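Participant: Before anything else, here's the structure in question.
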Amino acid sequence: DAGVIQSPRHEVTEMGQEVTLRCKPISGHDYLFWYRQTMMRGLELLIYFNNNVPIDDSGMPEDRFSAKMPNASFSTLKIQPSEPRDSAVYFCASSLSGGGIQYFGAGTRLSVL
Amino acid sequence: GDSVTQMEGPVTLSEEAFLTINCTYTATGYPSLFWYVQYPGEGLQLLLKATKADDKGSNKGFEATYRKETTSFHLEKGSVQVSDSAVYFCALSFNFGNEKLTFGTGTRLTIIP
C-alpha cells in the first residue's frame, strides 16, 4: 500500500487566495483526520471523519476553513480566504476502527504571504 | 477531559547514552497508549503501543510499559544513535467508537556523535 497520500507537498500563496489541500487515505480505512502543526501551537486536530461523515469539527479555527470527504478515497481541506497566520504544515491521517493506530501522510507545507 | 503530559524538550544526548522521555496521562477509563515519532520533514509514524496495564510496547530498541498505578508510559532506550534524532509524541486513545488520538506536546530529541 502506498500509504496516505497528500498533495501538494508545498504550497505558497498570497493572502486572500483560496487554498485546497488534498488527501487520499489508505484503502479500507474508515477514519480520516486533518491536523495542523505549527511551532507555536504544536499539533492540533482540526476535524475527523468516520465513513465519510464529519464527526468532530470543533478544532476548525474559523469559518474560513472547510473540509469535505465526498467518498472513501478522497478528502479536501479548503481555506478561503487564506491569511498569513494559516501558514503551517497540514497533515492528513487515516485509521481502521478498532485498531487505534493512525497512519500519517507526509504533510503539506503551506506558506501564505 | 483526557490529556497527556510529556517531558519538556528539547533533549540533547550523546550517542550511546541512555534515554528516558517521561509521559503521564489523565483519562477516564483505560485507554490505549502510544508513542509516535516524527523525523525531520516527515509525518508522524507509530513507534510502539500498549493496550492494557503492564503491557510493554517495544520497537527499534525503544520500550515503554503501561503503568496504571502511576498513569505513566515512559519511553526508554538503552543506547541512542544519531538516527534517533526526531520529535517524540506520547498519545492515548479509546478505541471502538472513538478513534481520536490525544497527543502530548512532543519532545524534540537531538543526538550528537
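The values are calculated or read from the model by the stated rules, or taken from the named source; none is laboratory data. Source: prediction; values computed, not measured. Methodologically, a virtual Cβ is constructed for each residue, glycine included, from the backbone with ideal geometry; neighbour enumeration extends over all protein chains shown.
Participant: Can you work out which of the residues in the range A:85-99 that are at the interface with another protein chain (Cβ under 7 Å from one of its Cβ atoms) and modelled with pLDDT of 90 or more is surrounded by the fewest Cβ atoms within 10 Å (Cβ to Cβ)?
Facilitator: Checking each candidate, the answer is A:Ser95.
Participant: Still on this structure, I have one more. Out of (1) at pLDDT below 95; (2) within 13 Å of the chain's Cα centre (by Cα); (3) loosely packed, with under 15 Cβ neighbours inside 10 Å, what's the single condition that is false for B:Asn59?
Facilitator: Here B:Asn59 meets the rest and fails (1).
Participant: Can I ask one more? Only one of A:Ser82, A:Ser111, A:Ser75 is in contact with a strand residue (DSSP E or B) (Cβ under 8 Å, 6 or more places away or on another chain), more than 14 Å from chain B (Cβ to nearest Cβ), at pLDDT 95 or above and surrounded by fewer than 16 Cβ atoms within 10 Å (Cβ to Cβ); which?
Facilitator: Numbers: A:Ser82 fails: surrounded by fewer than 16 Cβ atoms within 10 Å (Cβ to Cβ); A:Ser75 fails: surrounded by fewer than 16 Cβ atoms within 10 Å (Cβ to Cβ).
Matching residue, one of A:Ser82, A:Ser111, A:Ser75: A:Ser111.
Participant: Output the number of residues of the range A:34-52 satisfying the condition of being assigned to a strand (DSSP E or B) and within 10 Å of another protein chain (Cβ to nearest Cβ). If you could, list the steps in order and put the result at the bottom.
Facilitator: So in the range A:34-52, the residues assigned to a strand (DSSP E or B) come out as A:34-38, A:42-50.
Filter once more, keeping what is within 10 Å of another protein chain (Cβ to nearest Cβ): A:35, A:37, A:42-45, A:48, A:50.
The total comes to 8.
Participant: Now for a different question. Go through (1) of a type outside the set (A, V, I, L, M); (2) surrounded by fewer than 16 Cβ atoms within 10 Å (Cβ to Cβ); (3) away from every other protein chain (no Cβ under 14 Å) for B:Lys52 and report which single condition fails.
Facilitator: (3)
Participant: Shifting gears a bit: From the list B:Glu76, B:Glu69, B:Glu63, exactly one residue is more than 14 Å from chain A (Cβ to nearest Cβ) and touching a Lys or Arg at 6+ places or on another chain (Cβ under 7 Å). Which is it?
Facilitator: Working: B:Glu76 fails: touching a Lys or Arg at 6+ places or on another chain (Cβ under 7 Å); B:Glu69 fails: touching a Lys or Arg at 6+ places or on another chain (Cβ under 7 Å).
Selected residue: B:Glu63, the only one of B:Glu76, B:Glu69, B:Glu63 that is more than 14 Å from chain A (Cβ to nearest Cβ) and touching a Lys or Arg at 6+ places or on another chain (Cβ under 7 Å).
Participant: Another question about this same structure. Of the residues A:Asp57, A:Asp63, which single one is within 30 Å of B:Arg108 (Cβ to Cβ) and surrounded by fewer than 16 Cβ atoms within 10 Å (Cβ to Cβ)? So that I can check it myself, show each step before the final result.
Facilitator: Values: A:Asp63 fails: within 30 Å of B:Arg108 (Cβ to Cβ).
None of the others qualify; the one that does is A:Asp57.
Participant: Mind listing just one residue for me: the one in the range B:5-62 that is of a type in the set (Gly, Ala, Ser) and not in a strand (DSSP E or B) and, of those, farthest from A:Val89 (Cα to Cα)?
Facilitator: Result: B:Ala53.
Participant: Going through B:Leu109, B:Leu92 one at a time, which residue ends up being of a type outside the set (Gly, Ala, Ser), modelled with pLDDT of 95 or more and not in a loop (DSSP other than H, G, I, E, B)?
Facilitator: Details: B:Leu92 fails: modelled with pLDDT of 95 or more.
Going through B:Leu109, B:Leu92 in turn, the sole match is B:Leu109.
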